Every structure is written in structure tokens, then in C-alpha cells.
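Worksheet: one structure, shown below.
The values are calculated or read from the model by the stated rules, or taken from the named source; none is laboratory data. This structure is a prediction, so every number in the text was calculated from the model and none was measured. Here the Cβ is made from the backbone with ideal geometry for all residues, glycine too, and neighbour counts use every protein chain on show.
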Amino acid sequence: MEYKFLRFVEYIKLSFWDTKRYLHNISIGSNEGVLLSDILKPYKKSVSKEEIIKNRWQIISKINFGGELFLREFEEIETYKGNLFLVPENAIIYSKINVRHGCIYFNKMGNIPFCVSSEYPAFIIDEDKVKGKFLQRLLRTNEFKKLLNTKTTGISKARVKQDEFLNISIPLPSLDEQEAIVSAYQSKIEEAQQLETQAQQLENEIENYLFEELGVNFQKYENLQSDKLHFVDFKDMERWDILSINRNKINSKYSKLKFGDIVLGKPTYGANVKGVKKISDTRYIRITDINENGTLNDEFVSPEFAEEKYLLKENDFLIARSGNTVGKTFLYDNSYGKAIYAGYLVKYNLNLNIVSPQYILAYTKSLLFKQWITSNKRVSGQPNINGQEYLEAPFIIPPLSKQNEIAATIATMKQTQKQKTETATRLRAEALAEFEQVIFN
């Protein structure tokens with residue numbers, strides 16, 4: 001008999017007086033359940049610093065939530081304190097603290113061994129029963145993340161102990177089926193990775209296109225970033241700051257104007273009101289709502305109250321003035337709906353007789369503008385550039401017709417980039433959903 005609220009547990013299976021351990025069960029479908037202890041053999045070989053140096057092994061830095069391994073620089077062995085253990089080929093490890101977030105890594109055959117602390121238990125895989133890639137992917141599914149979360153013990157930094165980990169039962173298809181499941185999953189992931197690479201290449205192509213159209217020598221600009229001796233005319237120095245002089249050495253076939261020359265009126269700061277997570281007729285645009293590409297994210301926040309003087313109108317241009325994203329830009333258009341902007345954003349009215357708003361947005365996403373931000377932001381405390389200082393930022397301004405041409409071309413490239421990124425995201429989601437569908441149903 002099944003009960004809606006009561007759950008019965010056999011006393012022999014009651015290892016902890018902890019209800020969360022018995023509330024999450026995984027359906028393993030038609031596959032036979034196997035304990036991890038039947039396919040994994042604990043491996044704990046202590047290694048000395050001398051052995052590590054001799055073999056040039058590296059020490060783990062972390063496993064991220066994506067299951068990727070990051071190693072420390074080899075030289076850090078000199079200052080490392082604590083016991084270290086070897087992770088050989090064909091071994092799987094997990095982070096005791098973050099395994100519930102998917103921090104599991106498989107060191108396949110042919111990989112160089114590395115070293116870990118006792119926070120990363122290591123296990124040799126029984127190749128006659130399980131494929132390492134299959135096991136890693138299986139344990140990183142959402143279902144197993146939930147299950148692993150029920151296995152934690154401790155308060156401040158809850159961990160999953162080795163015996164608890166090994167006591168987990170998993171669905172285990174045949175080796176051939178495992179190979180086919182992983183192959184299908186990996187095929188979609190690789191397709192997604194190719195699209196992501198192409199999207200990143202498009203980002204570089206956009207940068208190159210802008211430089212070429214403006215007549216900026218990209219290689220010359222890159223050279224200015226290197227640690228070399230530079231001579232500067234005194235007349236070109238605006239302040240005693242070595243970084244601020246680089247922009248004066250950027251040549252273009254078009255004239256340079258200061259930002260203050262292409263805006264009307266004075267910069268204005270946004271509202272200092274609380275944001276409320278509810279849908280209303282007015283959106284509250286904060287720095288965190290603006291994506292790097294100049295669009296808004298999907299999180300709709302309303303202002304506690306909206307003053308009319310902060311309402312945005314078509315082609316209002318916003319720049320972040322404080323925080324780690326100082327210099328982030330956003331161009332408002334009416335399609336976003338009624339909106340006001342927050343106090344850490346500065347609003348400018350662009351002179352549409354001189355500039356194309358879309359060109360200015362594209363320009364502020366380029367290395368030219370970002371280098372100026374790096375050179376001019378104050379970094380004591382929070383990075384900051386105030387509204388008046390932004391008026392000194394240099395902009396290369398071609399004729400208006402050329403600006404429109406550049407903006408239109410970049411918009412087309414951005415649309416292609418967006419499509420590739422969205423397709424890659426969909427493929428990743430499909431790969432995971434199909435993997436779980438096969439395993440759990």
C-alpha cells in the first residue's frame with residue numbers, strides 16, 4: 001500500500017536518522033541497478049613532493065560545475081601544504097563538497113596522472129562493467145545531483161563521504177548500450193561546441209571588420225598593449241597615467257571626436273529606488289539586467305515607484321558607471337516597453353544629426369572603447385567612471401552614411417551569431433534530455 005505522506009524504511013537500511021536520505025528515489029527503468037561499490041575500487045596512493053617534481057605532475061585546482069578539471073601551475077608544488085594523492089589513468093574522482101553540483105571528473109586512459117587532496121576521493125573503474133565517460137555523465141544528471149544532495153553530512157561545508165557515495169545504486173546498461181548512449185550524447189555536444197566556436201569567431205570577425213572599415217591598423221593597436229618602451233609628446237598627455245596615453249596613438253582614416261561632442265545636454269543619473277520582482281507596466285533597468293551584447297535579460301523587475309523624469313525614450317543611451325561591469329552599454333528602443341533606469345547607470349542623449357545610435361552601441365562593444373575604459377576607470381574600491389568623465393571618451397566618427405552601413409553589417413553578423421548560440425544551447429539541452437530519457441525511462 002502506498003501512502004501520500006508516510007514513507008516506510010526497512011530498519012536494516014536505516015543508516016542515518018536523516019529523512020532527506022529516504023525521500024528521493026531514482027527510477028532506473030528496465031536497467032538492472034548496480035551499486036557503485038561493485039564497479040569502483042577505491043584508490044589512495046600517497047605521493048611525496050619529490051615524486052611529484054620528478055614526474056612533473058600537477059595538483060588539482062578544482063572541478064567546475066561542468067565537470068571540467070583545472071590544475072594548478074606546476075611551480076605551486078613548492079608552496080603547497082598538506083598530503084597529496086595520485087589520480088592515475090582510468091580513474092574517476094569527485095569533490096566531497098560539490099559533487100551534488102556535478103563536480104565529477106573521469107581521467108581517461110592516456111591522460112597524465114595528477115595529484116589531489118583528501119577532498120577528492122579517487123576510484124579505479126572496472127572496465128568490464130562500465131565505461132568511464134558513461135559513468136561520469138550519468139552521475140552528473142539532474143536526478144543524481146538531487147540524490148547526491150541527500151547524501152551530504154555536516155553543517156558549514158556539507159560533504160558526501162566515500163562510503164555514502166559507493167552505496168549509491170545506478171542503472172547500468174550493457175557496455176555496448178553505454179557506448180551508443182554516450183556516442184549519441186557526445187555527437188550533439190560536439191555539434192554545439194562547433195557552433196559556439198563559430199559564434200566566437202564571428203565576434204572576432206566583427207572586431208576585425210570594424211577596425212578595417214575605420215582604417216585602424218589592428219596589429220598596430222595590438223602592439224600598443226605589450227610591455228614595450230613608448231615615447232609620448234607632452235601635448236598628448238591629459239593626466240599622469242601611463243595607460244591613458246595609448247588611445248592617442250590609435251590612427252584612423254576618420255576624425256576622432258570626444259563623446260561629449262556627439263551628445264546633447266548633460267549626463268543624468270538614474271533613479272535610486274528599490275526593484276521589485278513583479279510584472280508591471282514599467283520595467284526597472286539595472287546594470288545586472290544588461291547583457292554584454294547590449295540586450296536585456298529575461299528577468300523583469302519593476303521599480304517601487306517610477307518618476308517620470310527617469311522614463312527612457314527612443315535612442316537613449318545608457319552606460320554603467322560603477323562596479324565590475326563599468327562601461328557596459330545599452331541602447332533603449334520602444335520595443336522594450338515603458339522603462340526607467342537605475343542610479344548606477346548614466347543616460348546620454350545622442351545627437352542624431354552626427355551619429356547613428358546603433359553605430360555608437362557597436363563601437364562601445366569594441367576593443368577601442370574597452371581599452372579606454374580600462375585606462376580610465378578608478379579602481380580604488382569599486383571601479384568607477386563618472387558621467388562627466390565619459391564625455392572625454394574618444395570615438396572615431398565616420399560620415400553618417402558610413403556609420404549606418406557599418407551598423408547594418410554588424411547587426412547582420414550579430415543575428416547570425418545569435419542564431420548559432422541559440423542552436424548550440426538547444427542542442428546541449430536536447431543531448432542531456434535524451435540521455436536521461438534513455439536511462440531513466
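When Lys365, Lys328, Lys338, Lys313 are screened for being without any contact (Cβ under 8 Å) to a residue 60 or more places away in the chain and within 27 Å of the chain's Cα centre (by Cα), only Lys328 passes. Answer yes if at least one residue in the range 17-35 is modelled with pLDDT of 70 or more, on the phi < 0 side of the Ramachandran plot and in contact with a helix residue (DSSP H, G or I) (Cβ under 6 Å, 6 or more places away or on another chain), and no otherwise. No, every residue in the range 17-35 fails to be modelled with pLDDT of 70 or more, on the phi < 0 side of the Ramachandran plot and in contact with a helix residue (DSSP H, G or I) (Cβ under 6 Å, 6 or more places away or on another chain). Taken across the range 216-223, residues that are in a loop (DSSP other than H, G, I, E, B) and at pLDDT 95 or above do not occur at all. Quick check, is Gln415 under 24 Å from the mean Cα position of the chain (by Cα) and not in a loop (DSSP other than H, G, I, E, B)? The answer is yes for Gln415. Scanning the range 353-398 for residues that are part of a helix (DSSP H, G or I), modelled with pLDDT of 95 or more and touching a Leu at 6+ places or on another chain (Cβ under 8 Å) yields Pro357, Gln358, Ile360, Leu361, Ala362, Tyr363. Residues in the range 252-274 that are at pLDDT below 90 and surrounded by 13 or more Cβ atoms within 10 Å (Cβ to Cβ): Ser252 only. If you go through the range 101-128 and keep only what is part of a loop (DSSP other than H, G, I, E, B) and among the β-branched types (Val, Ile, Thr), you end up with just Ile112. Tallying residues that are over 30 Å from the mean Cα position of the chain (by Cα) and in a strand (DSSP E or B) within the range 141-188 yields 3.
When every residue of the range 164-172 is checked against the conditions, none turns out to be surrounded by 17 or more Cβ atoms within 10 Å (Cβ to Cβ) and of a type in the set (Ser, Thr, Tyr).
Of the residues Phe65, Phe70, Phe5, which is at pLDDT 90 or above and out of contact with any Cys (no Cβ under 9 Å at 6 or more places or on another chain)?
Phe70
The residue of the range 274-291 that is nearest to Gln415 (Cα to Cα), among those that are assigned to a loop (DSSP other than H, G, I, E, B) and in contact (Cβ under 8 Å) with a residue 40 or more places away in the chain, is Arg286. Where strands (runs of 3 or more DSSP E) fall entirely within the range 310-350, those with at least 3 residues that are touching a helix residue (DSSP H, G or I) at 6+ places or on another chain (Cβ under 7 Å) and crowded, with 19+ Cβ neighbours inside 10 Å are at 316-320, 345-350.
Okay, residues lined up against (1) crowded, with 21+ Cβ neighbours inside 10 Å; (2) of a type in the set (S, T, N, Q); (3) touching a strand residue (DSSP E or B) at 6+ places or on another chain (Cβ under 6 Å):
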| residue | (1), (2), (3) |
| --- | --- |
| Ile77 | no, no, no |
| Leu84 | yes, no, yes |
| Gly110 | no, no, no |
| Asp128 | no, no, no |
| Asn142 | no, yes, no |
| Gln162 | no, yes, no |
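Within the range 44-64, if we keep just the residues that are touching a residue at least 12 places away in the same chain (Cβ under 8 Å) and part of a strand (DSSP E or B), the residue that is farthest from Ser95 (Cα to Cα) turns out to be Val47.
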